[in-house]
Amino acid sequence: MPQIEYIVSEKTPIAIIIGAGYAPAETTFITEPTATQQLGYIVYPKGHTITPHQHKPQLRQIVGTTEVILVKHGAVEAVLFDNQRKFIAKKLLNSGDIIILLNGGHGFEILEDAVLVEIKQGPYMPNDDKEYFDHDISKCSYH
């Protein structure tokens, strides 16, 4: 797997996968500056200090929910769909891999016992946050 893989459907970014071994030599943001979820690797040399700071309150209007999933332990297969719920790809994720889900739909097949760390915008609305659609993800594959 490449260190960073961009999954796109008709110019719409669906997901970005960052391999566990990715380690840039300098600070590098993976997402575009306009993305509603920012993911970057911040690189500093030993002895550097980050000046204490607090983020100013900013009103941000966000439509949709993006998620960052870190595979802490185990192996899973991410099943990705475009915004019309058409199957796009299956991608194997192992311990240390990260996927940021930007658009479309997704599901996961757990291939080994797994612990996933999920980061997304809140607040979470359990009755209104997700719309499930009927796909047997175990049968999703390229023709």
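Give a residue-ordered list of calculated ³J(HN,Hα) values for region 42-51 (Karplus: 6.51 cos²θ - 1.76 cosθ + 1.60, θ = phi - 60°; whole Hz; x for Gly, Pro).
3J(HN,Hα) across region 42-51, in whole Hz: 9, 10, 9, x, 3, x, 5, 10, 9, 4.
Which ³J(HN,Hα) values, rounded to whole Hz and listed in residue order, are derived for region 117-134 from phi using the Karplus coefficients 6.51, -1.76 and 1.60 in 6.51 cos²θ - 1.76 cosθ + 1.60 with θ = phi - 60°, glycine and proline given as x?
9, 10, 10, 8, 5, x, x, 7, 10, x, 8, 10, 7, 10, 10, 7, 10, 7
If you take the square roots of the eigenvalues of the alpha-carbon gyration tensor of region 42-141 and sort them as a ≥ b ≥ c, do you get rounded (a/c under 1.5), prolate (a/b over b/c) or oblate?
oblate
Can you tally the net charge around Gln37? Count Lys and Arg as +1, Asp and Glu as -1, for every other residue whose Cβ sits under 13 Å from the Cβ of Gln37.
That works out to -1.
Show the residues, 5+ positions off or on another chain, whose built amide H is closer than 5 Å to the amide H of Ser95.
Result for Ser95 returns Gly74.
Every read-out reported here was derived from the displayed coordinates using simple, explicitly stated rules and does not represent laboratory data. Bear in mind that the values here come from a model prediction, so they are computed numbers and not experimental data. All Cβ positions, glycine included, derive from the backbone under ideal geometry; neighbour counts span all protein chains shown.
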